[in-house]
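First comes the structure, then the notes that go with it.
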Amino acid sequence: MKLEALHPSADNEQARISELKYLLQQPSYKDERPCRGCIKSCPCSQSTSCTCLCDPACAHAPLAMSVEPARFPIEGKIVGLVFGLNSLRVLPPYWSCEGHLLPNGDIHRVPQVWFYSRSNIYPKLIAEYIHKLSIDKIIRYPWHVCLAYTDNNLETGFSIEPNSKFIEQPELHIMQQDAQIIAANMLVGIRSIAHDYIHKYESRTNKR
């Protein structure tokens with residue numbers, strides 16, 4: 001049943017546009033290292049700030065992005081998604097799992113990454129990005145963004161994960177493949193959607 005539509009105020013719209021522009025102002029992972037814990041020297045200059053090796057496939061990334069690298073490096077099948085969120089600069093991830101099976105083969109935990117966001121427009125960008133991948137049959141399962149637990153009472157946490165409610169016979173390896181596909185073009189895809197939102201808003205307001 002369709003209910004009453006929300007009509008945002010001009011101030012709220014301008015605030016969301018400012019947040020989108022802030023996202024687009026962030027450096028890419030080729031301009032600035034996205035892994036805050038990275039102190040690895042690059043081969044070209046021995047610099048610890050050079051980005052010549054920055055890539056989701058970097059062997060050092062699972063360690064650099066973890067707060068406990070010796071005990072809990074980021075798992076291999078979810079590291080790309082963690083890297084993608086870090087590269088956006090505005091959605092810091094705080095927990096991840098590549099997914100695990102029970103001894104009987106049932107799925108115990110699905111692949112997922114939990115992240116913070118101080119704006120509700122940023123999770124919306126991710127939701128739209130993964131929805132488009134699903135509609136275009138680029139990923140095999142539907143994924144969604146939902147609220148997630150956080151032990152920080154003053155911050156809101158979100159999770160990006162498969163939407164198991166709409167998967168009849170889920171298979172972990174397909175979920176893991178989807179996670180890697182989502183990560184592959186996350187930075188470009190989300191920035192493109194942000195550009196589109198800004199363009200539509202400015203086109204509409206310029207006509208007034």
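No lab work stands behind these numbers, since they all come straight from the coordinates. Everything numeric in this text was worked out from a predicted model, so none of it was measured. Here Cβ is always computed from backbone atoms with ideal geometry, including for glycine, and neighbour counts include all displayed protein chains.
Miscellaneous remarks
- Each residue of the stretch 62-75 was assigned a 3J(HN,Hα) from its phi angle through the Karplus curve 6.51 cos²θ - 1.76 cosθ + 1.60 (θ = phi - 60°); the sequence is x, 7, 5, 8, 9, 7, 10, x, 5, 8, 9, x, 4, 5 Hz, with glycine and proline shown as x.
- FRET efficiency, residue 102 to residue 15 (Cβ-Cβ, R0 35 Å, nearest 0.05): 0.20
- Under 5 Å from the amide H of residue 157 lie the amide H atoms of 148, each residue being 5 or more positions distant or on a separate chain, with H modelled from the backbone and absent for Pro and chain starts.
- Gyration tensor (Cα) of the chain, equivalent ellipsoid semi-axes in angstrom: 29, 25, 16
- Based on DSSP H segments of at least four residues, each scored -39500 (n - 2.57), the chain has a per-residue ellipticity at 222 nm of -12000 deg cm²/dmol.
- Computed 3J(HN,Hα) for the stretch 76-86, one whole-Hz value per residue from the Karplus formula 6.51 cos²θ - 1.76 cosθ + 1.60 where θ = phi - 60°, is x, 7, 10, 4, x, 5, 5, 4, x, 5, 4, glycine and proline marked x.
- Residue with peak Gaussian network fluctuation, the chain [Cα springs, cutoff 10 Å], from 180, 169, 14: 169
- For residue 40, a cut-off of 26 angstrom between C-alpha atoms picks up these lysines, skipping any fewer than 8 places away in its own chain: 30, 77.
- Amide H partners (placed H, <5 Å) of residue 143, local residues excluded: 163
- For the stretch 165-180, Karplus couplings with θ = phi - 60° (6.51, -1.76, 1.60), whole Hz, Gly/Pro x: 4, 10, 10, 6, 10, x, 10, 4, 5, 6, 4, 5, 5, 4, 4, 5
- Taking 108, 195, 173 in turn, the Gaussian network model of the chain (Cα-Cα springs below 10 Å) assigns the largest fluctuation to 108.
- Neighbour-count order for 205, 51, fewest beta carbons within 10 angstrom listed first: 205, 51
- Residue pairs exceeding 23 angstrom between C-alpha atoms, taken from 124/207; 21/207; 2/124; 2/207; 21/165: 124/207; 2/207; 21/165.
- Using a Gaussian network model of the chain in which every pair of alpha carbons under 10 angstrom is joined by a spring, one finds that among 117, 45, 159 the greatest mean-square fluctuation is at 45.
- In this structure, the amide hydrogen of residue 95, modeled 1.01 Å from its nitrogen in the peptide plane, lies closer than 5 angstrom to those of 114, counting only residues at least 5 positions away or on a different chain.
- Sequence-distant contacts, meaning Cα pairs under 8 Å at least 6 residues apart, place the relative contact order of the stretch 72-183 at 29 percent.
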